[in-house]
Amino acid sequence: MILWWIGDLVLLAVVLPVVVYLLRGVLDAAKMIVPSVQEIARAAAAGSKDLDAAALLLTTQDQVTKTVAGVANYGGSLDVILDDAR
Amino acid sequence: MAPALAFAAAGAVTIVAVGLIVVALVFYLVSVITQLRKITTGLDETIASVGEIVQKSAPVNDVVTTINQQLDAGVDLLEGLLVKKAGMRDAVGLVDGMYAGAAAAGFRNFPESPTIKAPRIGEVYTRGTLTLARLGREAPIAAGNPAGPALRDVERGSLAARLLYPEIRQTMPKSLARSPVIGTDAPVQYEKRDDIGAPRKQLPGRAMSDQS
């Protein structure tokens, strides 16, 4: 009978606080993760939006190709017009 | 206290304690589940955005590589042309005049170029060449005095070009005299003269002969 009471006492005084303490720690940790995940999601969305201009690289590539071709043409003409160095 | 009553009391306390533990478990675990669902939602959004990033950045590597190859070809071409036409020494001097300190790096396709001492560009090229070079960019390149100012104001380049035009353009009047409007819809209609376009009454040659 005494052991039963001791068991009840341990249950209320030790087990219950320990359970509450541990569960509260898990809950706090989970709550701390939520803002970080939301921040990461916002950053990823912003990064994705920043990359919208990446498609313009195709235009840049085309322009660079044309520019270099024009420079090559001018270079060829200059090569003909100008005398070489001594 | 009767033994039966003591047993009952101990059992009730046990049940209450277990119940409290169960309630705490339920409360905290449900809260954790709620937070985990928020985390899952956030991660879903993150994964979607990261997927977009991957998709959008996929061609960047190839495109940039191609651009670099094209630019490399252009640089090789211009370097080769410059060295061919100006000679290695003058070419190094010209590049060093445009980009101070660039002579130390030398040309990519000419390994011996870094060892060449860059001449003072003002001693190599004429004043007209220097002026053209200085107009080409904002840096004080190729100046008679290297510390001198650039001829071209990059922020107001159009003002410098405007000086080439007559004075009335330089003073920037609000409005210049407009060209006259002609035609049937013109605001000023002139009276039609009958003698215009009609046969001449007297030829000039005859009048002169009559006087004589």
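What follows is calculated from the coordinates using simple rules that are stated; it is not laboratory data. The shown structure was predicted, so the numbers you read here are calculated from the model rather than taken from an experiment. A quick note on method: Cβ atoms are made from the backbone with ideal geometry, for glycine too, and the neighbour counts reach across all protein chains shown.
Site pair B:Arg120 and A:Val20 shows an inter-label distance of 8.9 nm when each label is modelled 7 Å from Cα along Cα→Cβ. Among the trypsin sites (Lys or Arg not before Pro) found in segment B:19-109, those both in a DSSP coil and sparsely packed, with 16 or fewer other Cβ atoms within 10 Å of their Cβ, are B:Arg108.
Other protein chain C-beta atoms within 10 Å of residue C-beta, averaged over A:31-42: 5. Here B:Lys84 is the anchor, and the lysines within straight C-alpha reach of less than 22 Å, apart from those fewer than 8 places off in the same chain, are B:Lys117.
Note on B:Val54 and A:Leu58: their simple-model spin labels are 2.1 nm apart, each label 7 Å out from Cα toward Cβ. The charge dipole of segment A:2-81, taken about its Cα centre with unit charges on the Cβ of Lys, Arg, Asp and Glu (plus for the first two, minus for the last two), comes to roughly 180 debye.
Straight-line cross-link reach from B:Lys56 at under 17 Å between alpha-carbon atoms covers these lysines, not counting any fewer than eight positions away in the same chain: A:Lys49.
Across all Cα pairs in segment A:1-42, the calculated P(r) in 10 Å bins from zero up to the longest distance comes to 26, 26, 20, 15, 9, 4, 0 percent per bin. Could you point to the residue in A:Val15, A:Leu82, A:Ala53 farthest towards the positive end of chain A's charge dipole, with +1 and -1 charges on the Cβ of Lys/Arg and Asp/Glu respectively? Going by the Cα projections, it comes out as A:Val15. A simple count of charges around B:Gln69, restricted to other residues whose Cβ falls under 13 Å of its Cβ and scoring Lys, Arg +1 and Asp, Glu -1, yields -3. Taking Lys and Arg as +1 and Asp and Glu as -1, the other residues whose beta-carbon sits under 14 Å from that of B:Thr115 total 0.
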